[in-house]
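Structure first, commentary second.
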Amino acid sequence: MNITKAVITAARRDQRTLPLQTLVDRDGVVNLLEYAFLTDPRLMDSGGNPRGVLTESNTVRALGLIVKRPAPPPADLVYQYEFSGHLTQWGSNGWTWFQPPVTNWNGYETLVVRGPVTNSLPRQYGRVRVFLQP
């Protein structure tokens, strides 16, 4: 069972219902992220978490993030894709779709975002930040 929009709405009204920062299954993924990435908040699972991939196009390589999320994406969430070359400063500028969202048969979509292409950084890191709409 995934967390539904109704559960998140109730949690926003009353934090005692299902605190969004709770770790019910103790897998290190808070309930808000379980909702955002379609994982079961009662099972220790990490299969829905974004993961890195090396993207290549016209011999240019860059870090990409593979993201699985509900289809269509929940209107109450904002997904922000950020990249960094040194983990101290993160930016959400410069990323592009490497693979636009593809809807799968079981209620989720998979997409790949590509970080900025740069030759000046020997390393690159990526993350997905998830926020509730106000």
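Derivation of every value follows stated rules applied to the coordinates shown; laboratory data play no part. It should be emphasised that the depicted structure is a prediction, and the values quoted were computed from it without experimental measurement. Here the Cβ positions follow ideal geometry from the backbone for every residue, glycine too, while neighbour counts run over all protein chains shown.
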List the trypsin sites (Lys or Arg not before Pro) within segment 48-134 that DSSP assigns to loop and that have no more than 10 neighbouring Cβ atoms inside 10 Å. Arg123
Can you put Tyr81, Tyr108, Tyr35, Tyr125 in order of Cβ neighbours within 10 angstrom, beginning with the fewest? Tyr125, Tyr108, Tyr81, Tyr35
Please compute, over every Cα-Cα pair in segment 50-134, the percentage with a separation greater than 20 angstrom. 35 percent
Treat every Asp and Glu Cβ in segment 50-134 as -1 and every Lys and Arg Cβ as +1, leave all other atoms uncharged, and give the resulting dipole magnitude about the Cα centre to the nearest 20 debye. 200 debye
For segment 76-83, what does the Karplus curve 6.51 cos²θ - 1.76 cosθ + 1.60, with θ = phi - 60°, yield as ³J(HN,Hα) per residue in whole Hz, taken in order and with x for Gly and Pro? 8, 10, 10, 9, 10, 9, 10, 9
Suppose each label sits 7 Å from its Cα in the direction of the beta carbon; what would the Gln89-Val60 distance come out to in nanometres? 2.2 nm
